[in-house]
Amino acid sequence: GQNIDQPTEMTATEGAIVQINCTYQTSGFNGLFWYQQHAGEAPTFLSYNVLDGLEEKGRFSSFLSRSKGYSYLLLKELQMKDSASYLCAVRGPGGYQKVTFGTGTKLQVIP
Amino acid sequence: DTEVTQTPKHLVMGMTNKKSLKCEQHMGHRAMYWYKQKAKKPPELMFVYSYEKLSINESVPSRFSPECPNSSLLNLHLHALQPEDSALYLCASSQDSNEQFFGPGTRLTVL
C-alpha cells in the first residue's frame, strides 16, 4: 500500500514564498505529481518528478528525494489566485496508470 | 483540443434510478480514468481503461459500471446507488505515463 502525508492547511502572504511538503511511503515508486485544485473545480497538473532534484517551472518548483520519501512544492511571488488545494500524488506499483493522491494541502493566500 | 469534457455537470437521482455519466477527450490519449471525490478529500481511483480495455478496477461496487465505447469516450453507468455515493465524479485521460488531464466533473447527489 501507500501512505502519503501533507499538512492539512497553510496560510501565506501575497508576494511571499511558501513550501508545501509531502512525505510518502510506497512499496514501489514510479514518480510523483503535484496538482492544484481550486474549490469546486478539477485538479490541474503542476509538476512531475521521477528523479531526485529540483524541477522549476515559472513561479512553481518541485523537489524530490527518493531516498527520503520526500517532496516539496515551492510557490514564489504568491498571488491571491494561488489560494487552492495542492495535491501530492504518487505513482506506485500496479502500472503507470495507478496514481494515489495525498489528502491535499489547502493554501490560503492573504493580502 | 486539450480538454476533457464531462456531462452532465450536476445530477440528482433517486436510489432506484438508472443514469449515466459521460466523458470525452480528443487528445488521442489511450488511458482514461474515473475518480470519485468526496468533499475535502482527495480523488479516489475507481476504474482505468487502457486502449479501450478495463485495466484497473479498484474493487468498486457493481452498482457502478464503466464502459469505453471507443478511444475518445468513457461512460459510467449508475444503478441502485446509495446516498453515500453522492460525490464529485471526475474523468481524466493521459498519454502513456504522462500527467493526467481532468474534466470538470459531475456533481452527483443521490436522494
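Derivation of every value follows stated rules applied to the coordinates shown; laboratory data play no part. Computed from a prediction, not measured in an experiment: that's the story for all the values here. FYI the Cβ positions are ideal-geometry reconstructions off the backbone, even for glycines, and counts take in every protein chain you see.
Based on Cα contacts under 8 Å between residues 6+ apart, chain B shows a relative contact order of 37 percent.
Most exposed first by the Cβ proxy, i.e. fewest other Cβ within 10 Å, how do B:His26, B:His10 rank? Before the final figure, lay out each step's value.
Values: B:His26 13, B:His10 9.
Taking fewest neighbouring Cβ atoms as first place, the list is B:His10, B:His26.
In the calculated pair-distance distribution of region B:3-47, the portion above 12 angstrom amounts to 73 percent of the Cα-Cα pairs. Between amide H atoms placed 1.01 Å from N, distances below 5 Å from A:Gly31 occur with A:Arg91, all of them 5 or more places distant or on a separate chain.
When chain A is described by a simple charge dipole with +1 on each Lys and Arg Cβ and -1 on each Asp and Glu Cβ, the residue from A:Ala42, A:Pro93, A:Leu78 located farthest towards its positive end is A:Pro93. Calculation over all alpha carbon pairs of the protein assembly as shown in 10 angstrom steps from 0 returns a P(r) of 8, 33, 34, 20, 5, 0 percent.
In chain B, the DSSP beta bridges split such that about 90 percent are antiparallel, to the nearest 5. When the Debye formula is applied to the Cα atoms of chain A, each taken as the same point scatterer, what base-10 log of I(q)/I(0) results at q = 0.11, 0.19, 0.22 Å⁻¹? So the normalised log intensities work out to -0.32, -0.92, -1.21.
Could you tell me what percent of the DSSP beta bridges with both partners in chain A are antiparallel, to the nearest 5?
On the way: 38 of 43 bridges.
Of those bridges, close to 90 percent are antiparallel.
Think of chain B as having a plus end and a minus end, set by charges on the Cβ of Lys, Arg, Asp and Glu; of B:Cys68, B:Pro8, B:Phe102, B:Pro8 sits farthest toward the positive end of this dipole.
Rounded to the nearest 20, the Cβ-based charge dipole of the protein assembly as shown about its Cα centre (Lys and Arg +1, Asp and Glu -1) stands at 440 debye. Pairs of Cα atoms nearer than 8 Å and 6+ residues apart set the relative contact order; for chain A it is 36 percent. Each residue in A:Met80, B:Met46, B:Met13, B:Met32 was given a count of other beta-carbon atoms within 10 angstrom of its own, and listing them fewest first yields A:Met80, B:Met13, B:Met46, B:Met32. Tally Lys and Arg at +1 and Asp and Glu at -1 over the other residues with C-beta under 15 Å from the C-beta of A:Pro93: what net charge comes out? Surrounding charge for A:Pro93 is +2.
Shielding by partners for peptide A:16-28, expressed as the average number of C-beta atoms from other protein chains within 10 Å of each residue's C-beta, is 0.
What is the antiparallel percent of DSSP beta bridges lying wholly in the protein assembly as shown, to the nearest 5?
For the protein assembly as shown, the DSSP antiparallel bridge percentage is about 90.
Taking 4.7 Å between C-beta atoms as the pairing limit, the protein assembly as shown has these partnerless cysteines: B:Cys68.
Using Cα centres only, tell me the gap between region A:84-111 and region A:5-64 in whole Å. So the two Cα centres are separated by 7 Å.
Taking the average, over residues, of other Cβ atoms within 10 Å as the packing measure, peptides B:55-64, A:51-60 rank B:55-64, A:51-60 from highest down.
The residues A:Phe101, A:Phe63, when put in order of fewest to most other Cβ atoms within 10 Å, stand as A:Phe63, A:Phe101. Looking at this model, which pairs from A:Lys106/B:Lys53; A:Lys76/B:Lys40; B:Lys19/B:Lys41; A:Lys57/B:Lys19 are more than 31 angstrom apart at the alpha-carbon? Flagged as over cut-off: A:Lys106/B:Lys53; A:Lys57/B:Lys19.
In order along region B:4-20, the Karplus-derived 3J(HN,Hα) couplings, from 6.51 cos²θ - 1.76 cosθ + 1.60 at θ = phi - 60°, round to 10, 10, 9, 9, x, 6, 10, 8, 10, 9, x, 5, 9, 6, 10, 9, 9 Hz, and Gly and Pro are given as x. Seen from A:Phe60, the other residues with C-beta closer than 15 Å to its C-beta sum to a net charge of -1, counting Lys and Arg as +1 and Asp and Glu as -1. Sorted largest first, the spans of the alpha carbon positions of region B:20-76 along the three principal axes are 31, 23, 20 Å. Computed log10 I(q)/I(0) for chain B at 0.17, 0.21 Å⁻¹: -0.74, -1.13, from the Debye equation with unit scatterers placed on every C-alpha and solvent omitted.
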